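These notes are about the structure you will find just below.
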Amino acid sequence: MKYTFLLSSLFLGSTAVLAGDVTGKVTVKGTPAAERPIAPLMADANCGKAVSGPVNTRHYVVGADSGLGNVFVYVKAGLPEGYKTEVPATKAVMDQVGCLYEPYVMGAVAGQTVEIRNSDPFLHNVNFMKSAVGNPTFNFAQGKGAKPVDKVFAKEEVFVKLQCNVHPWMFGYIGVSSSPHFAVTDKDGKFTIKGLPAGKYTLGFKHLKGGDLTQEVEVKDSGATVAAAFDVK
Amino acid sequence: MAVFTAVWALLVVSIGGLVTSKGVGMAVPDWPTTYGYNMFFFPFDQWDGGIFHEHVHRLVASVLGGLTILLAAFLQGLDRRRWVKVLGWAAVVAVVIQGVLGGKRVVLNSVDVLGIPGSIFFGVLHAALAQLFFSLLIVLAVVTSGRWFSRSAVEPSASGRPLAPWFALLAAGTILQLLVAASMRHQHAGLAVPDFPLAYGRVYPKTDPMTLESVNQRRMGVVDDAPVTPFQIHLHMAHRFLAVGLVAGVLLLQRKVSRFDPTWRPASRVWLGLFGLQFVLGAITVWTNKAADLATAHVAVGAMTLAYGVAVSVTRFAAERGSIRAFQPCESSGRILKSPAGSPVAAAR
């Protein structure tokens, strides 16, 4: 797979960012195919009532200036040996709302608790069918008003894919990173990874359809700015 | 009884196809229970979305199990032919294994077996055995039918040229095709090749990494969102080439039948019709991006094509071997049952 990198890393001595923060933007080159209406969702007796209008797939969320949303950006290599950070005590939350996973793409630290909620007034099953790295899989039902279920993914895995088989268009993705230094791009493709110690790193960019990118970056005390682009042919 | 059981089996196969087409095979995550309930008492108001299809599949399959046991018991008691009794009990064994495979496909979904994901391993076995089991029931329906004992319907070839091997070869090819099809469906990756008659605009698609990258970037499925792999594309193409080969084969069979035994033309033409219908359904399945109802019809007609092929092959073999003449009429309550035409018939008809 061939990727085009529009820009190499730029190192800015801006005082507008926190020291050690990596900010950037991910864009898409080319024109992705149009999103499709999720017809089965609208046709479903429960789900059709749970949404206010047509719902489309979210394969490519493209915003201003070709910014690409839902890209998981993480530190793939370069952290000092033995580098450790506290696993966040707060839970990362994945919800099921209107027969969709919300957020569609999220991140969590390996070992952090991920709380899986069902805000819909009917049942979903939550199926993590296959792990590439040996995280325990599961498939459980979550009915109306069911308590949230906590899950922990001990190993880095990008992505953990959740799906509901009762409503087979429902997919949700969790980027599990070994460090807390990750981000998910917003609808305009922008992201910020906070608190990276100064040093040279390889950043990984993962998009559901676009695939994988990597990019070298040198972070100084003043931070760094990165730009990357997925080339959709 | 055998005919009814076979028709019921076709219903189960079709609903199973619908479950796979809709991608809801895991909508009920437990087995043999259904969300913790005894499956026969699962509350109807919880049959939502994919649960409905998967749960109905389980229920009608349970009925099929009961029907198969009844059929075997009937054959045991009413049919004198030992090999028919054995086939009846073989069907019971098969339906039990089939049920267990269906359950394992659910509960061992995430477990690798021989390096193959459980969802694929058990799913393919489950789908393949379904077709073979259906064919076995069709054989039972044929050999217990009145026509089986009617000489005029199963006269050996007038020319003495054996046609049975050709029928059998085509039936074997159909089995191979359905195994490939089952493997395709249980990849759970949607359409590996989205155009027809060309494949990604070519006679045979490229599968190099760059091409695949581009293909996967543009796959915009609603249900099947997994990236397609070279293996899946090759499997899909094998299915297409096998389909062409089978249609050519059945056309060749027409010629041979016309030449050596025209009395069998109607039988072989029905098979040709089924193959033709199946081919068209396959094309439409691609053109509609695997619409669930059409994909399911493709599964059902595939099963019928195989079953019909097995039925005519068995009948043809029997005719050519002269085994029909050696039939043993069965007795029931001390009398031989008669068909309307006066031919002895099996009681399990």
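Summed over the stretch B:235-260, the residues that are closer than 16 Å to B:Val203 by Cβ and surrounded by 15 or more Cβ atoms within 10 Å (Cβ to Cβ) give a count of 7.
Among residues of the stretch B:164-211 being basic (Lys, Arg) and not in a loop (DSSP other than H, G, I, E, B), the one that is nearest to B:Leu252 (Cα to Cα) is B:Arg202. Given the criteria surrounded by fewer than 21 Cβ atoms within 10 Å (Cβ to Cβ), within 14 Å of another protein chain (Cβ to nearest Cβ) and part of a strand (DSSP E or B), does A:Asp150 qualify? No; evaluated as a whole, the condition is false for this residue. Going residue by residue through the stretch A:69-88, is there one that turns out to be out of contact with any helix residue (DSSP H, G or I) (no Cβ under 9 Å at 6 or more places or on another chain), within 14 Å of another protein chain (Cβ to nearest Cβ), among the hydroxyl-bearing types (Ser, Thr, Tyr) and under 30 Å from A:Pro197 (Cα atoms)? No, every residue in the stretch A:69-88 fails to be out of contact with any helix residue (DSSP H, G or I) (no Cβ under 9 Å at 6 or more places or on another chain), within 14 Å of another protein chain (Cβ to nearest Cβ), among the hydroxyl-bearing types (Ser, Thr, Tyr) and under 30 Å from A:Pro197 (Cα atoms).
When restricted to residues that are in contact with a Ser or Thr (Cβ under 6 Å, 6 or more places away or on another chain) and not aliphatic (A, V, I, L, M), the stretch B:15-54 contains 3. Scanning the stretch A:48-68 for residues being touching a strand residue (DSSP E or B) at 6+ places or on another chain (Cβ under 9 Å), closer than 13 Å to A:Cys99 by Cα and either modelled with pLDDT under 90 or within 13 Å of chain B (Cβ to nearest Cβ) (or both) gives a total of 5.
Check the stretch A:179-198 and report whether any residue there is at the interface with chain B (Cβ under 10 Å from one of its Cβ atoms) and assigned to a strand (DSSP E or B). Looking for residues that are at the interface with chain B (Cβ under 10 Å from one of its Cβ atoms) and assigned to a strand (DSSP E or B), one finds none in the stretch A:179-198, hence no.
Let's see how each residue does on (1) more than 30 Å from B:Pro165 (Cβ to Cβ); (2) part of a helix (DSSP H, G or I):
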{"residue": "B:Met220", "(1), (2)": "yes, no"}
{"residue": "B:Val247", "(1), (2)": "no, yes"}
{"residue": "B:Leu252", "(1), (2)": "no, yes"}
{"residue": "B:Lys290", "(1), (2)": "yes, no"}
{"residue": "B:Ala295", "(1), (2)": "yes, yes"}
{"residue": "B:Val299", "(1), (2)": "no, yes"}
{"residue": "B:Ala311", "(1), (2)": "no, yes"}
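Kindly indicate whether any position in the stretch B:177-190 is touching a strand residue (DSSP E or B) at 6+ places or on another chain (Cβ under 7 Å) and at pLDDT 90 or above. Checked the stretch B:177-190: no residue is touching a strand residue (DSSP E or B) at 6+ places or on another chain (Cβ under 7 Å) and at pLDDT 90 or above.
For the residues B:Val24, B:Val3, the requirement of being more than 24 Å from A:Leu41 (Cβ to Cβ), β-branched (Val, Ile, Thr) and either within 14 Å of chain A (Cβ to nearest Cβ) or assigned to a helix (DSSP H, G or I) (or both) singles out B:Val3. Among the residues in the stretch A:157-171, are any among the basic types (Lys, Arg) and assigned to a loop (DSSP other than H, G, I, E, B)? Checked the stretch A:157-171: no residue is among the basic types (Lys, Arg) and assigned to a loop (DSSP other than H, G, I, E, B).
For the stretch A:199-230, filtering for residues that are surrounded by 21 or more Cβ atoms within 10 Å (Cβ to Cβ), more than 14 Å from chain B (Cβ to nearest Cβ) and aliphatic (A, V, I, L, M) leaves 6. Taking the stretch A:72-105 as the range and being closer than 28 Å to B:Val24 by Cα and surrounded by fewer than 21 Cβ atoms within 10 Å (Cβ to Cβ) as the test, the residues that pass are A:Ala92, A:Val93, A:Asp95, A:Val97, A:Gly98, A:Glu102, A:Pro103, A:Tyr104.
The values are calculated or read from the model by the stated rules, or taken from the named source; none is laboratory data. A quick note: this is a predicted structure, and the numbers were derived from the prediction, not measured. Counting neighbours? That spans all protein chains shown, and the Cβs are built from the backbone with ideal geometry, glycine included.
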